[in-house]
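*Asks:* This structure is in structure tokens; I'll ask about it shortly.
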Amino acid sequence: MTLDAETSARVTLETEAGVATLTLNSPASRNALSLAIIEALSGGLDAIAGRNDIRVVVLQAEGPAFCAGHDLKELTAHRNDPDRGRAFFAETMRACSALMEQIVDLPQPVVAAVDEMATAAGCQLVASCDLAVAGARARFCTPGVDIGLFCSTPAVALSRNVAPKQAMEMLLTGVPIGAEAALRIGLVNRISADGARTGALALAQLIARKSPQAIRFGKKAFYEQREKPLSEAYALASAVMVENMLAEDAKEGVAAFLEKRPAKWGG
């Protein structure tokens, strides 16, 4: 998909001191995930993935919502297509699922900064990030059942973050939960009294000071081992540890520890 300037402006990318900030900037639509916005987010992640100078990504949003989920107006408009929208619905779900996988596959950690409501696919977006920081006003819900549309794709990410019964309660009731409940069930890592953006940036800056090689090894291995039986998980993790030990950052980090000096990461 070719993005026009207006669409591109709805997803902005800024970088500073090793941290990239991706911002959903479509407050009028409550940052709904239209197909164009999905593609713009994906393009932003593509631009980040190959950059060794970017060590962490913060995903935030402008306006009254973090993300309202799929763009229901856009989806509804395609019900007038000859196939009743089937092809467009399928392409939207494919693109959205690919975006969520792209976040997991990104070499750099991604921290969601959520100050407002994250609904349906917006909640899925939060759950797909490696870490999440909530502001005091943040709320999370998967309310598809209220409109006859079970949040099946958000359930994939949600069920990989929280206990099954907690996930099912959110999915079956559609009732929003606040920041404290999201912290309690493991959907977010922490609540920032100074706002999610401040808290997420502080967390990102902390991670950015660590070895970028180690983090790239570790993030990839974390998600790969999680889907394997125990013995296979240990075999994979052991092989990764060997490769990590042979990397320059590990050589430098161990030497710095033994010599009681700060490490100089090469990345």
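*Asks:* Quick one: which of A155, A95, A120, A112 is within 22 Å of G195 (Cβ to Cβ) and under 17 Å from the mean Cα position of the chain (by Cα)?
*Replies:* Details: A155 fails: within 22 Å of G195 (Cβ to Cβ); A95 fails: within 22 Å of G195 (Cβ to Cβ); A120 fails: within 22 Å of G195 (Cβ to Cβ).
The conditions single out A112.
*Asks:* Would you mind telling me which numbered condition in (1) in contact with a Lys or Arg (Cβ under 8 Å, 6 or more places away or on another chain); (2) surrounded by 17 or more Cβ atoms within 10 Å (Cβ to Cβ) A233 fails?
*Replies:* Checking A233 against (1) in contact with a Lys or Arg (Cβ under 8 Å, 6 or more places away or on another chain); (2) surrounded by 17 or more Cβ atoms within 10 Å (Cβ to Cβ), the one that fails is (2).
*Asks:* Please determine whether any residue of segment 181-191 is outside the structural domain of D130 (by TED's automatic domain parsing), among the charged types (D, E, K, R) and either buried (at least 17 other Cβ atoms within 10 Å of the Cβ) or assigned to a strand (DSSP E or B) (or both). Steps first, answer last, please.
*Replies:* Let us first name the residues in segment 181-191 that are outside the structural domain of D130 (by TED's automatic domain parsing), namely none.
There is no residue in segment 181-191 that is outside the structural domain of D130 (by TED's automatic domain parsing), among the charged types (D, E, K, R) and either buried (at least 17 other Cβ atoms within 10 Å of the Cβ) or assigned to a strand (DSSP E or B) (or both).
*Asks:* Enumerate the helices (runs of 4 or more DSSP H) found wholly within segment 55-145, keeping only those where 3 or more residues are under 30 Å from A17 (Cα atoms) and either assigned by TED's automatic domain parsing to the domain that holds P164 or not charged (D, E, K, R) (or both).
*Replies:* Numbers: elements: 72-77, 86-105, 121-128.
The helices (runs of 4 or more DSSP H) meeting that bar are 86-105, 121-128.
*Asks:* Scan segment 113-130 and tell me whether some residue there is surrounded by fewer than 22 Cβ atoms within 10 Å (Cβ to Cβ), in contact with a helix residue (DSSP H, G or I) (Cβ under 7 Å, 6 or more places away or on another chain) and on the phi > 0 side of the Ramachandran plot.
*Replies:* Within segment 113-130, none of the residues are surrounded by fewer than 22 Cβ atoms within 10 Å (Cβ to Cβ), in contact with a helix residue (DSSP H, G or I) (Cβ under 7 Å, 6 or more places away or on another chain) and on the phi > 0 side of the Ramachandran plot.
*Asks:* Report every pair of residues separated by at least 6 positions or lying on different chains whose Cβ atoms are under 7 Å apart, first residue within segment 234-250 and without any contact (Cβ under 8 Å) to a residue 40 or more places away in the chain, second among the hydroxyl-bearing types (S, T, Y) and crowded, with 16+ Cβ neighbours inside 10 Å.
*Replies:* D249/S211
*Asks:* Can you name the condition, by its number, that Q213 falls short on among (1) farther than 26 Å from N52 by Cα; (2) of a type outside the set (V, I, T); (3) assigned to a helix (DSSP H, G or I)?
*Replies:* The number of the failed condition is (1).
*Asks:* While we're here: Whether any residue in segment 85-98 is over 30 Å from I215 (Cβ atoms), exposed (fewer than 15 other Cβ atoms within 10 Å of the Cβ), in contact (Cβ under 8 Å) with a residue 24 or more places away in the chain and in contact with a Leu (Cβ under 9 Å, 6 or more places away or on another chain) is what I want to check.
*Replies:* yes
*Asks:* For segment 151-168, state whether one or more residues are part of a helix (DSSP H, G or I), in contact with a Phe, Trp or Tyr (Cβ under 7 Å, 6 or more places away or on another chain), of a type outside the set (A, V, I, L, M, F, W, C) and surrounded by 20 or more Cβ atoms within 10 Å (Cβ to Cβ).
*Replies:* Here is the first cut: in segment 151-168, the ones part of a helix (DSSP H, G or I) are 152-159, 164-168.
If we keep only those that are in contact with a Phe, Trp or Tyr (Cβ under 7 Å, 6 or more places away or on another chain) as well, we get none.
Scanning segment 151-168 turns up no residue that is part of a helix (DSSP H, G or I), in contact with a Phe, Trp or Tyr (Cβ under 7 Å, 6 or more places away or on another chain), of a type outside the set (A, V, I, L, M, F, W, C) and surrounded by 20 or more Cβ atoms within 10 Å (Cβ to Cβ).
*Asks:* How many of the residues in segment 9-26 are of a type in the set (S, T, N, Q) and surrounded by fewer than 20 Cβ atoms within 10 Å (Cβ to Cβ)? Don't jump to the end; show me each part of the working.
*Replies:* Applying the first criterion (of a type in the set (S, T, N, Q)) to segment 9-26 yields 12, 15, 21, 23, 25-26.
Then keep just the ones that are surrounded by fewer than 20 Cβ atoms within 10 Å (Cβ to Cβ); that gives 12, 15, 23, 25.
Going through segment 9-26 one residue at a time, the tally reaches 4.
*Asks:* Let me ask you something else. Return the residues of segment 216-245 that are farther than 28 Å from V19 by Cβ and assigned to a helix (DSSP H, G or I); say none if nothing qualifies. I'd like the intermediate steps shown before the answer.
*Replies:* Of the residues in segment 216-245, the ones farther than 28 Å from V19 by Cβ are 227-236, 238-239, 242.
L230, S231, E232, A233, Y234, A235, L236, S238, A239, V242 - these are the residues of segment 216-245 that are farther than 28 Å from V19 by Cβ and assigned to a helix (DSSP H, G or I).
The values are calculated or read from the model by the stated rules, or taken from the named source; none is laboratory data. None of these values were measured; they are calculated from a predicted model. Here the Cβ is made from the backbone with ideal geometry for all residues, glycine too, and neighbour counts use every protein chain on show.
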